[in-house]
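The values are calculated or read from the model by the stated rules, or taken from the named source; none is laboratory data. This one's a predicted model, so the numbers in the text were calculated from it and none came from an experiment. Ideal geometry is used to build each Cβ from the backbone, glycine not excepted, and the neighbour counts take in all protein chains shown. Ligands, DNA and RNA are stripped out before the accessible areas are found, and what is left, the full protein with its side chains, is counted by its heavy atoms. Shrake-Rupley method; radii C 1.70, N 1.55, O 1.52, S 1.80 Å.
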Amino acid sequence: MKLRRDALAGSLIALGIALAATPAAAQQAPAAPWMNAKIPADERVQMLLAQMTEDEKLTLVFGYFGTDFAPKNGYKAPAEARPGSAGYIPAIPRLGIPAQWQTDAGVGVATQGGAARKRERTALPSGLATTASWDVTLAHAGGAMIGAEARASGFNVMLAGGVNLMREPRNGRNFEYGGEDPLLAGTMVGAQIAGIQSNHIISTVKHYAVNDQETDRDTGNSIIDQAAARMSDLLAFQIAIEKGDPGSVMCSYNRVNGTHACENPWLLTDVLRRDWGYKGYVMSDWGATHSTAPAANAGLDQDSGFPFDKEPYFGAPLKAAVAKGEVSKARLDAMAGAILHGMFANGLFDKPVTEAPMDLAPAMLAAHAEVTRKDAEGGAVLLQNQGAILPLSPAVKKIVVIGGRADKGVLAGSGSSLVYPVGGNAVPGLKPTGWPGPVMYYPDAPLAAIRRQAPNAELVFDGGGDTGSAAKLAKGADVVIVFATQWASESFDVKLSLDDNQDKLIAAVAKANPKTVVVLETGGPVLTPWRGQVAGILATWYPGTQGGSAIANLLFGKVNPSGHLPASFPASLDQLPKPSEPNKGDTSYGEGATVGYKWYDAKGLTPAFAFGHGLSYTSFDYAGLAAKAAGGTVEASFTVKNSGARKGKAVPQLYVAGSGWEAPKRLGAFTKVALAPGEAKKLTLTVDPRLLATFDTASNSWKIAGGTYQVMLGTSAKDIVATVPVTLEARTIAVGWRP
């Protein structure tokens, strides 16, 4: 179908464009009962629906890309869209319904690559980095920060909240997500969603569901047992929704058990609506809608990002489908009502966005720089520290820094979520400069930050392009810091090995000088064949717009590392459930719910670095583990003490083991606690009972078998410091149970 502006003809589209011409809808609306913020959202929805015409309802369910896009037959964004934005849904001034201005997100306010001018904003570290902090408070603060910038930029919908489990460590979008465990991912992403929505804007949770690779992402088919999905990928979404209450769920590109996610009635109606009781709206990913009546009737509420679909399915075709009875008027009401619920519940009516400046106040950006720096520091994981090579002394005499463009900046992940920083790209021109790029380096250079920490040291930099010269330069240094990078982006998957002979570079440098520290800037786990040759390894992921400063603070001990791995680092490719590269077509997840560390446990494999692993510059002792059955679940208490000489943060992890499970143990609870030297705290953690259960599809419920369970206290999935038994009675948990 030819995509021209006149292809949007039809009463719905014409009305939408006309309505979009009148801004500040809420201020022009007549007095109406649904504008009363004291009335519950459900009641306001029904009041407003009763006043809406069919065309007005149809306006709500169809969205436009907010950026001109010439490759789609010269597509021009609606005039009222925010320039360079992800999406736009017109306002309905007659009823006080505000427009939806949607920004791509995850780590901050993104600008689409085709925009003539880019918004310069603060970028958090990658989503995986934030999850690696295991710090719910930090995740909420980061979400609140990027939500504040979204609102200040004129946006009221932020397309953040990626929670897809890391089934495939080569997935090019792993950096946007929350790792391999459903409890950790759901809890951390849910906290970030709640932080975003504290600004009276909508956040999404995405990409729903079982969307675990970018290869063949539009038509690939994820084949998985329904019970296994409930205990893994879907549980991550369920927990994120419970913790964050997002206004919208974004359905994904892939098929699930043969049916596209955005027209999958099991996902959208049976699980999301019926079982979880979700009241917000389901929006499609940009280009993920493939039909009109099947998608609408399956549970899709908003068709997003025209012109990326083959047709404007929820434009004129939906109007025709309603007229023919292929989509009922009641279903259209439900679609519009779900959208209105998300808008009412998150303050889009009551606290409308007003201005949309391209530039933000310097004071706001300065304050937000501290937020992202703390996030980067909290999520960095000290993987290895042989001989206590770290922290470095400010009195160190000679430091050689090699590779990673550390003299320029820190690497970012690319794709639709890319945030352009204040000051622009520190290394412009790297290919690809267009989609799925550009390759972006944020201009907070680690080299300059290291120089500030050790002003009297001889500091030498080498780009790492010549392995021999780099190794020669490394000899005689007090410490060598090698920055190793791996760029990842939406739309393609990556290899687990580092690019551009970096493994050979690291091995050669370490042979020349064993006092070598490797700083990893990657989108996820990578193979580390040189780990036995180097003294230190610090995983900083994509560390955001203050990444260089954060890295230097960690290397010199101004901040004590406290991150722990949200995903296992494999020792080799043959340890993966699917050692071969991601394939096209059907991907059968025969491992079911045995994801990540559960797979390693079940198969008796030892990863290079285990899920939950993370070192500190201090030490922690654990004692007094006790567990009891309480309220149909498990409650465990223990004491943790900082037995070292530095203040630090411990991450106690509670694992549980039962019989008949997909793996020997599951993460059942966790926390993060700050302790001064010598300080001890007694902590009590409660296990979500669903993590003691298996999902029974026959009864559509969770089942806890009666018997003895093991409760394990650990510092990682491999490092268990204490175990106690506890006896539970059999219990059935309703599918819609919430903590």
| request: Mind telling me which of the residues Gly96, Gly186 ends up being in contact (Cβ under 8 Å) with a residue 12 or more places away in the chain and surrounded by fewer than 24 Cβ atoms within 10 Å (Cβ to Cβ)? | output: Gly96
| said: Residue under question is Pro739, and the condition is that it be modelled with pLDDT under 95, touching an Asp or Glu at 6+ places or on another chain (Cβ under 7 Å) and part of a loop (DSSP other than H, G, I, E, B); does it hold? | reply: yes
| query | Quick check, is Asp216 closer than 28 Å to Glu591 by Cβ and out of contact with any strand residue (DSSP E or B) (no Cβ under 8 Å at 6 or more places or on another chain)? | reply | yes
| query | Can you tell me which of Leu573, Leu520, Leu538, Leu505 is within 30 Å of Ile224 (Cα to Cα) and not aromatic (Phe, Trp, Tyr)? | reply | Leu573
| task | Filter the stretch 523-562 for residues that are under 26 Å from the mean Cα position of the chain (by Cα) and without any contact (Cβ under 8 Å) to a residue 60 or more places away in the chain and give the result. | result | Val526
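Check the stretch 275-291 and report whether any residue there is in a strand (DSSP E or B), open to solvent by 10 Å² or more (accessible area, probe 1.4 Å) and in contact with a strand residue (DSSP E or B) (Cβ under 8 Å, 6 or more places away or on another chain). Show your work before the answer.
At the first step, the residues of the stretch 275-291 found to be in a strand (DSSP E or B) are 281-284.
Next cut, open to solvent by 10 Å² or more (accessible area, probe 1.4 Å) only: none.
Within the stretch 275-291, none of the residues are in a strand (DSSP E or B), open to solvent by 10 Å² or more (accessible area, probe 1.4 Å) and in contact with a strand residue (DSSP E or B) (Cβ under 8 Å, 6 or more places away or on another chain).
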| query | Considering the stretch 41-57 alone, what residues qualify as being open to solvent by 20 Å² or more (accessible area, probe 1.4 Å) and in contact with a His (Cβ under 9 Å, 6 or more places away or on another chain)? | reply | Ala41, Asp42
| query | Looking at (1) in contact with a Phe, Trp or Tyr (Cβ under 9 Å, 6 or more places away or on another chain); (2) without any contact (Cβ under 8 Å) to a residue 60 or more places away in the chain; (3) open to solvent by less than 20 Å² (accessible area, probe 1.4 Å), can you tell me which one Leu411 breaks? | reply | (2)
| said: Any residue in the stretch 376-396 that is on the phi < 0 side of the Ramachandran plot sitting within a Cβ distance under 9 Å of a residue that is among the charged types (D, E, K, R) and open to solvent by less than 30 Å² (accessible area, probe 1.4 Å)? List the pairs, counting only those 6 or more apart or interchain. | reply: Gly378/Asp135; Gly379/Asp135
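Answer yes or no: is there a residue in the stretch 595-606 that is within 24 Å of the chain's Cα centre (by Cα), closer than 19 Å to Leu184 by Cβ, in a loop (DSSP other than H, G, I, E, B) and not acidic (Asp, Glu). Give the derivation first.
Filtering the stretch 595-606 for residues within 24 Å of the chain's Cα centre (by Cα) gives 595-600.
Okay, now just the ones that are also closer than 19 Å to Leu184 by Cβ, so 595-600.
Filter once more, keeping what is in a loop (DSSP other than H, G, I, E, B): 595-596.
Imposing the further condition that a residue be not acidic (Asp, Glu) reduces the set to 595-596.
The answer is yes; a qualifying residue exists.
For the stretch 660-681, how many residues meet the condition of being under 15 Å from Thr594 (Cβ atoms) and either without any contact (Cβ under 8 Å) to a residue 60 or more places away in the chain or of a type outside the set (A, V, I, L, M, F, W, C) (or both)? Steps first, answer last, please.
Residues of the stretch 660-681 that are under 15 Å from Thr594 (Cβ atoms), as a first pass: 660-667.
In the following step, the residues that additionally are either without any contact (Cβ under 8 Å) to a residue 60 or more places away in the chain or of a type outside the set (A, V, I, L, M, F, W, C) (or both) were identified as 660-662, 664-666.
Qualifying residue count, the stretch 660-681: 6.
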| said: Looking at (1) touching a Lys or Arg at 6+ places or on another chain (Cβ under 6 Å); (2) closer than 25 Å to Ala228 by Cβ; (3) surrounded by fewer than 23 Cβ atoms within 10 Å (Cβ to Cβ), which one does Val595 not meet, given that it meets all the others? | reply: (3)
| Enumerated helices (runs of 4 or more DSSP H) restricted to the stretch 1-79, each holding at least 3 residues that are closer than 30 Å to Ala116 by Cβ and at pLDDT 95 or above | none
| Does any residue of the stretch 58-76 turn out to be surrounded by fewer than 17 Cβ atoms within 10 Å (Cβ to Cβ), out of contact with any helix residue (DSSP H, G or I) (no Cβ under 6 Å at 6 or more places or on another chain) and at positive phi? | yes
| request: Provide a single number: the residues in the stretch 721-735 that are open to solvent by 40 Å² or more (accessible area, probe 1.4 Å) and under 14 Å from Phe695 (Cβ atoms). | output: 3
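Go over the candidates Asn199, Asn211 one by one and state the one that is within 28 Å of Lys665 (Cβ to Cβ) and crowded, with 24+ Cβ neighbours inside 10 Å. If you could, list the steps in order and put the result at the bottom.
On the way: Asn199 fails: within 28 Å of Lys665 (Cβ to Cβ).
On inspection, the qualifying residue turns out to be Asn211.
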| note | Those residues of the stretch 316-333 that are open to solvent by less than 40 Å² (accessible area, probe 1.4 Å) and outside any helix (DSSP H, G or I) come to a total of 1
| remark: Given the conditions (1) within 28 Å of Ala50 (Cβ to Cβ); (2) open to solvent by less than 20 Å² (accessible area, probe 1.4 Å); (3) of a type in the set (Val, Ile, Thr), every one holds for Val271 apart from (1)
| Only one of these conditions is not met by Leu340: (1) open to solvent by 10 Å² or more (accessible area, probe 1.4 Å); (2) more than 26 Å from Lys76 (Cβ to Cβ). Which number is it? | (1)
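Of all residues in the stretch 680-720 being under 24 Å from Ile224 (Cβ atoms) and among the charged types (D, E, K, R), which is least open to solvent (accessible area, probe 1.4 Å)? Let's see the steps before the verdict.
Of the stretch 680-720, the ones under 24 Å from Ile224 (Cβ atoms) are 688-705, 717.
If we keep only those that are among the charged types (D, E, K, R) as well, we get 688, 690, 696, 703.
On the way: Asp688: 25, Arg690: 5, Asp696: 51, Lys703: 76 Å².
The residue in question is Arg690.
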